[in-house]
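Encoded as C-alpha cells, the structure appears first; notes follow it.
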Amino acid sequence: MPRHHEDSLLPTSPIDLKRFKFVGSKEVNRAWTQGAQIMGTVPTIQLHNGIAMPLLGFGVFQMTDEEAEQSVVDAIDIGYRLIDTATSYMNERAVGRGIARVGIAREDLFVTSKLWVADASYDGTITAYQRSLDKLGLEYLDLYLIHQPYGDIYGAWRALEDLYEEGKVKAIGVSNFSPARLTDLMLNNRIKPMVNQIETHPFHQQVAAHELMQAEGVVHEGWAPFAEGRSGLFSNETLVAIANKHGKSVGQVVLRWDLQREVVSIPKSVRRDRIAENFAIFDFELDDSDMQRIAELDEEKKLFVDHEDPAFVKMLFSRVLPD
Ligand SMILES: NC(=O)c1ccc[n+]([C@@H]2O[C@H](COP(=O)([O-])OP(=O)(O)OC[C@H]3O[C@@H](n4cnc5c(N)ncnc54)[C@H](OP(=O)(O)O)[C@@H]3O)[C@@H](O)[C@H]2O)c1
C-alpha cells in the first residue's frame, strides 16, 4: 500500500504546479479510511474558461453495460474523478447507474460525453445533449464534445455555445479535429473549444497538434493512451526498460508521460487491478532522458482510423444507434 503522505500525492517538475489544483481530496481520504488499495488525488489542468479538468480520467469505450457500470464504480472508488463516455458507446445508462451507485457528490465528478455524427446540427445537438443527460441521470455535463469532425459541425458548435452560455454545460470541445479543422472552428466562432480529444500514445504523439493547442489554450486530451495494446506497446523494449528503472509498469510509464506533457489521459480497463494500477502514477517522475527516449518512439502515424478516408466517413454515417 502506498504511503499516505501529502508530498507523495503531488506531481513533481517539470509540471508547472501553479497550473494545477487538486480535487477530490475529501473522497480520497474517505476511500483511504475505507481501505482502498490505491490512493492519490488527481491533479487538474485549467481549461480556458477556468474549469478544472482532471489530468487522469477513465474511459469506457468497448464495454458491455455490466462492465461499464461496475468499472465506473471501481474507478470512482479508486480515486478517478473524470469519466469519459459517448453516445456512440451505447453505455451512458450503465455509466449513470455506476455513478448513482457510488453516491459521490456531483460536483466532485467530471463527466464527459460526446455528440454522435447523426446529431451534428443545431437542433440535433440540443436534443442529443438532453438525451445524454437523461440516460446518464445527470443535470449537466462537465464536458460535451463533438465526437467527429463531420456533419453540420458549425450548427452543432453554435448549439454547444448556446448550451454553454445558458449554463447547461460546464465546458465544450471537440474530438478528432485536425489542427486545420480546429483552427477553422476557432477562427469562425464566438467560443474556442476548451478541449480537443485526439488519438495520442507513444507511437502517435501528436507533437504539432499539441503545440498548436498549447499555443491556443485548448487542452489536449489523448484517447487510446495504450494504443489498445497495438504495436506491442506493453512489451516495447524502451518502455519496459523505463518501467523497470522506476519499478513501475509500462502502463504507468505511459500515463506518467502523458501527465508530464500535460495531456489528459483516459485509460480504459474492465479489470479492477488494472484500473488501480493505472491510477498509481503520482508517486514517481520520468526524467529528461526517459522523456527523450519515449519521444523517439513516435512514428507519427494513426494506428486506428484515418479521418481523411471517405470509407470511414461513410461507415460513421451508416451506423444507426439504438435509443
Ligand atoms: N474520441 C474518440 O474518438 C475516442 C476513440 C477511442 C477511445 N476514446 C476514449 O479513450 C478511452 C481509452 O481508449 P481505448 O479504450 O480505446 O484504449 P486504451 O485505453 O489505449 O487501451 C485499453 C486496452 O488496454 C488494456 N489495459 C488497460 N490497462 C492495462 C494495463 N495496466 N496493463 C495491460 N493492459 C491494460 C485493456 O484491457 P482490459 O479492459 O481487459 O483491462 C484494453 O484492452 C476510451 O475508453 C474512450 O473513452 C475516444
In what sequence, highest mean first, do 154-160, 106-112 appear when ranked by Cβ atoms within 10 angstrom?
-> 154-160, 106-112
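Rounded to the nearest 5, what % of DSSP beta bridges with both residues in segment 6-318 are antiparallel? Walk me through the numbers before you get to the answer.
Details: 6 of 29 bridges.
The answer is about 20 percent antiparallel.
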Quick one: what are the phi-derived ³J(HN,Hα) couplings along segment 194-208, Karplus 6.51/-1.76/1.60 with θ = phi - 60°, whole Hz, x for glycine and proline?
-> 8, 9, 10, 9, 9, 4, 8, 7, x, 8, 8, 8, 6, 5, 5
Taking the convex hull of the Cα atoms, report for segment 6-318 its projected area averaged over all directions, in nm².
-> 15.0
What FRET efficiency, computed as 1/(1 + (r/R0)^6) with R0 = 45 Å and r the Cβ-Cβ distance, is obtained for residue 323 and residue 178, rounded to the nearest 0.05?
-> 0.90
Evaluate the distance, in nm, between pseudo-label points positioned 7 Å from the Cα of residue 273 and of residue 187 along their respective Cα→Cβ axes.
-> 5.2
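Counting helices only, and only those DSSP H runs with n ≥ 4, report the 222 nm mean residue ellipticity of the chain as the sum of -39,500 (n - 2.57) divided by its residues, in deg cm²/dmol to the nearest 500. Intermediate values should be presented prior to the final figure.
Details: 13 runs with 131 residues, N = 323.
For the chain, the value works out to -12000 deg cm²/dmol.
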Starting from the Cα of residue 127, step 7 Å along the direction of its Cβ; do the same at residue 161; then give the gap between the two resulting points in nm.
-> 2.3
Sorted by packing (mean other beta-carbon atoms within 10 Å per residue), highest first, where do 175-188, 192-205 land?
-> 192-205, 175-188
When you count, for each residue, the other Cβ atoms within 10 Å and take the mean per peptide, how do 256-263, 286-293 rank with the highest first?
-> 256-263, 286-293
Choice from 83, 266, 126 with maximal GNM fluctuation in the chain (Cα, 10 Å cutoff) = 126
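No value in this document is a laboratory result; all are computed from the given coordinates. Fair warning: this is a prediction, and the values are worked out from it, not measured in the lab. Using ideal geometry, Cβ is built from the backbone for each residue, glycine included, and neighbour counts are taken over all protein chains shown.
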